[in-house]
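Worksheet for the structure shown next.
All of the numbers you see were taken from the coordinates with simple rules; none came from a lab. All figures in this text were calculated on a predicted structure; none of them were measured in a lab. Here the Cβ positions follow ideal geometry from the backbone for every residue, glycine too, while neighbour counts run over all protein chains shown.
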Amino acid sequence: MEFFLHRVGFSASHIVELVSTKPQMLDGSLERRLIPSFDFLKGIVGSDENAIFAISRMPHLLNHDLPKMFSLKATLLRGHGMRESDISMYFMKYPRGLNVNHDRFIEVVSKLKKMGFDPLTRSYMQALHAMLSMSSSNWQGKCEVYKSLGWSEDELHKLIKKFPVCMCLSEAKIRKGVEFFTKRLGWDPSVISKHPLILNLSLEKRIIPRYTVIQVLLLNGLLKKDVHWAMTFYINENDFLNKYVNKYQGEAPKLMEAYTKEVGV
């Protein structure tokens, strides 16, 4: 088994991790199950590297009857207009979708169609994964969380279509993030929905430290008040430091100290 995994491209450390954390990988016959399953998976996702990536996300994948699991779901997705290349990419990135009960898979695909998702877009894959990753009751519970924070049914529908990953966030993260943006920045749900990726950023490690820096600059008259907050939160670390911290070290020498304290460095 270890020799086979090494031959197809797994590193020694990766093999040890897989076998120790998922010993059920050893349960299947190498010749009758594991090798045929790997070859079939490789045919789906296009290369050894992509197959390894999928197995890394679902280590016991090779123990399943992949041809049967894949053919039913792929046929369904093709019938709804999903491209072959996108089907392959979906199951590479989200291999757990192969293991979902087929009736549940049909139900979710039908719901996405009713919601108006375009199967030719990346958001379709994200929505499919998001909805399959939780029960219907959990999905509805997440919807109720957003509604309790001010989203109307229509606004929530638009948010989910634009950024389906918003439904994968924990209730605590959703509430803390929305409460920060509404109380500190005065944003309402419609503004947050225009910049939905912001909900996925770390409040403690990114949003609050950057907010603190900008507030110091504003209080010292070093920035105009019309700050583009979303862009401030989105830009990478180096760009943020150069634009808002290093640039003002002379006028605000304790700026870096304040920033690193908030980040926790």
Would you calculate, for the chain, the mean residue ellipticity at 222 nm contributed by helices, counting each DSSP H stretch of 4 or more residues as -39,500 (n - 2.57) and dividing by all residues, to the nearest 500? -18000 deg cm²/dmol
Average silhouette area of the chain, convex hull of alpha-carbon atoms, in square nanometres: 17.1 nm²
Could you tell me how far the Cα centroid of region 195-213 sits from the Cα centroid of region 29-99, in Å? 36 Å
Just list whichever of Lys42/Lys162; Lys111/Lys183; Lys42/Lys142; Lys147/Lys224; Lys142/Lys194 have alpha carbons separated by over 25 Å in the model shown. Lys42/Lys162; Lys111/Lys183; Lys42/Lys142; Lys147/Lys224
³J(HN,Hα) across region 224-235 via Karplus (A = 6.51, B = -1.76, C = 1.60, θ = phi - 60°), whole Hz, x for Gly/Pro? 6, 6, 7, 6, 8, 4, 4, 5, 4, 7, 7, 4
Selected from Gly81, Gly221, Gly97 as most flexible by GNM, with the chain as the system and alpha-carbon contacts under 10 Å: Gly221
Over the residues of region 116-237, compute the C-alpha Rg and express it relative to 2.2 N^0.38 Å. 1.15
Return Leu219, Leu169, Leu159 ranked ascending by Cβ neighbour count within 10 Å, so the fewest neighbours appear first. Leu219, Leu169, Leu159
